[in-house]
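What follows is one structure encoded as structure tokens, with my remarks underneath.
What follows draws every value from the coordinates through simple rules; no lab data is involved. The structure presented is a predicted model; accordingly, all values stated were derived computationally and were not measured. Every residue, glycine as well, gets a Cβ built from its backbone with ideal geometry; the counts of neighbours run over all protein chains shown.
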Amino acid sequence: MEILYRSTRGGETGVPASKAILNGLASDSGLYVPENMPNPDVQFKDLVGKPYTEVAYEVMSRFLTDFTEDELRNCIKNAYDEKFDTPEIAPLRKTGENTYFLELFHGATIAFKDMALSILPHLLTTAAKKNKVTDEIVILTATSGDTGKAALAGFADVPGTKIVVFYPKYGVSPVQEKQMVTQKGSNTCVVGITGNFDDAQTAVKKMFADHAMAEKLSEAGFRFSSANSINIGRLVPQIAYYVWAYVKLLENGTVSDGEKINIVVPTGNFGNILAAYYAKEIGLPVHKLICASNENKVLYDFFRTGKYDRRREFILTSSPSMDILISSNLERLIYSILGNDAEACAEKMKSLREEGYYEITEEQKEKLSDFCGYFCDMENTKKAIASLYSKEKYVIDTHTAVAADVYGRYRAETGDDRPAVIASTASPFKFTRSVIEALESVREMPGDIANMDDFDLADLLSEISGVPVPGAVEEIRTAPILHKKVVDAGDMPQAVYDFLGIQK
Ligand SMILES: *Cc1c(COP(=O)(O)O)cnc(C)c1O
């Protein structure tokens, strides 16, 4: 069954997967969605005992139908290899009754974005070849921390690609900055900017829309592409791990074939939970998709009231990767609950852009019954970390803690205690200071943690959790700084020209 893609805003239809991946965003600024959902002819129970790469192939091949078997298997093999610190790739960890953490942080940068960004470069270069694109692909990314490093790690030394990452020089954590400025690979370029993340993001979007710049790049044999989470090349690999988690639950006898589970996802841009929804759409037995937000609870309000309203204060929390007021991937769900009506979807997005909000009808809201939304504040995030550690000696990061707290709330409110999978999106070693501060309430700490640097804290966390300091942290402890450039946001295009060796 061939799957083609169309824009949520109606401007493009019948687009093959490889083209959708190359383009990233549709030309009308809509997002690509499958015109039909695949109907897999494979039984989930037949995947029991298969390695991660095999499950990934079974899922991804149903969505990326214009890739040959060889092409896709090659992409998968090059992505899910020794870069991950466990051959399971995404282990499932049981804690307490019917609660399972799906650990998605065993890749190169110890956050779940590695699950998609380790394969996207291979999908992109394969897609370029299939479409006879000979230009070298230049990935432009603005980052508030996690995406930048995961994209750098994914694209470093991949032939046919270059990557430029802009980050706010004074707006990321010391570990995040060090992760980026020590990045190896002759095709990588990391530039600090003197403004904030929004300045970086706005300037990157401007470069994508700059025809004169595209022209100049094309003359020199380059073209821009995007690695951010609206690319279906990031979404499709994420569907695979929800199927994988179910197969693991079948394997250990927690569920019988066809028995429904709940899935809990700490959410920001709505990419990860949308992948779980697509897994459900292709037949994964899922009861509820539980959307966990931090204090930036636009999605919680949306699921409760049917009104999406970004006109509110932006709150900096201890789960920064979820500090988002515009969840881009929600557009794909909106398109679906509007009955695949692109015109209506485009209208809602216009209202969001121009008025800052949109509303859906009561009838449309009923179609959201697969989802429910809850949120967790910073105090309860800390409590969730402390409580799980006390009970199970298991340490989770702040993002995962938001989901753990929310799941507790859902279960208490509904009494629904069927098996649940909680997406664990980052290693606690990535947000060490917040995690140690949370553990202070249940454990003596040696000395004054306020005066310890992030690497000392990592050693302490290792002692507390019994988990070795991950390679990703260990390797930046002493790594030389390779990227030192800092520019004003206005000079970002020049930095790109300089890196590519193009005379202005
Ligand atoms: C990006 C990120 C999220 C949010 O995921 P979305 O797909 O944007 O909803 C949650 N946790 C961590 C650690 C992240 O890096």
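Paramagnetic label reach from Glu379 (point 7 Å along Cα→Cβ; backbone nitrogen cut-off under 19 Å): within region 308-323, residues 315-319.
Mean sequence separation of contacting Cα pairs (under 8 Å, at least six apart), scaled by the length of region 304-408, corresponds to a relative contact order of 29 percent.
Just going by the charge dipole of region 363-504, with Lys and Arg at +1 and Asp and Glu at -1 on Cβ, which of Val467, Thr400, Pro446 is farthest out on the positive end? The residue sitting most towards the positive pole is Thr400. The peptide list 225-236, 319-330, 302-313, put in order of mean Cβ contacts within 10 Å with the highest first, becomes 225-236, 319-330, 302-313.
Size of region 432-477: Rg and Dmax of its alpha carbons, in Å, are 10.3, 30. Computed over every Cα-Cα pair of region 44-103 and binned at 10 Å starting from 0, the pair-distance distribution P(r) comes out as 19, 43, 29, 8, 1 percent. Counted over the chain, the DSSP beta bridges are approximately 25% antiparallel.
Under the √(5λ) rule applied to the eigenvalues of the Cα gyration tensor, what semi-axes describe the equivalent ellipsoid of the chain? Give them in Å, descending.
Computed over the chain, the values are 31, 29, 23 Å.
Less than 5 angstrom separates the built amide H of Phe375 from those of Ser293, all sequence-distant by 5 or more or on a different chain. The residue list Pro38, Leu117, Val165 was ranked by how far each Cα lies along the charge dipole of the chain toward its positive end, using unit charges on Cβ atoms, and Val165 comes out on top. Excluding same-chain neighbours fewer than eight residues apart, the lysines reachable from Lys129 by a Cα-Cα span under 23 Å are Lys19, Lys77, Lys162, Lys216. Only aspartates and glutamates eight or more places from Lys485 in sequence, or on another chain, were considered; those with a Cα closer than 15 Å are Glu177, Asp498.
Loop-located GluC sites (Glu not before Pro) across region 403-504 with a Cβ neighbour count of 11 or fewer within 10 Å are Glu444, with loop assigned by DSSP.
Label reach from Val486 (point 7 Å along Cα→C-beta): in region 160-181, amide nitrogens under 18 Å belong to 165-181.
Taking other C-beta atoms within 10 angstrom as a stand-in for reagent exposure, Lys297, Lys83, Lys45 fall in the order Lys45, Lys83, Lys297, fewest first.
Report relative contact order for region 362-504 in percent, whole number only (criteria: Cα-Cα under 8 Å, sequence separation at least 6). Please report the intermediate quantities before stating the final value.
Values: 101 pairs, mean separation 28.5, N = 143.
With pairs under 8 Å counted, the relative contact order is 20 percent.
The modelled label-to-label distance between Lys205 and Glu343, using points 7 Å beyond Cα along the C-beta direction, is 2.7 nm. Taking the charge dipole of the chain about its Cα centre, with +1 at Lys and Arg Cβ atoms and -1 at Asp and Glu Cβ atoms, the residue from Tyr241, Leu352, Ser369 reaching farthest to the positive side is Leu352. Starting from the Cα of Ser186, move 7 Å in the Cα-to-Cβ direction to define the label point; list residues of region 205-226 whose amide nitrogen is under 19 Å from there. Only 221-222 fall inside the zone, counting backbone N under 19 Å.
Each peptide among 420-431, 152-163 gets the average number of other Cβ atoms lying within 10 Å of its residues, and from highest to lowest they stand as 420-431, 152-163.
Kindly identify region 252-374 as rounded, prolate or oblate by the Cα gyration tensor criterion: order the square roots of the eigenvalues as a ≥ b ≥ c, call it rounded if a/c is under 1.5, otherwise compare a/b with b/c, prolate if a/b is larger, else oblate. Oblate shape, in that a/c is at least 1.5 and b/c is the bigger or equal ratio.
Quick one: dipole size for the chain, taken about the Cα centre, charges +1 on Lys/Arg Cβ and -1 on Asp/Glu Cβ, in debye to the nearest 20. Walk me through the intermediate numbers first.
Numbers: 55 positive and 71 negative charges, 91 e Å.
Its charge dipole is roughly 440 debye.
For region 51-158, rounded, prolate or oblate, judged on the Cα gyration tensor with a ≥ b ≥ c (square roots of eigenvalues), a/c < 1.5 rounded, else prolate if a/b > b/c? In terms of gyration-tensor shape, oblate. When the pairs Lys45/Lys260; Lys113/Lys149; Lys280/Lys367; Lys288/Lys350; Lys149/Lys184; Lys50/Lys248 are compared against a 20 Å limit on Cα-Cα distance, Lys288/Lys350 fall above it.
Quick one: compute the contact order of region 248-305, relative version, from alpha carbon pairs under 8 angstrom and 6+ residues apart, as a percent.
This gives 35 percent for region 248-305.
With a simple spin-label model that places each label point 7 Å from the Cα along the Cα-to-Cβ direction, the separation between Glu475 and Asp448 comes to 3.5 nm.
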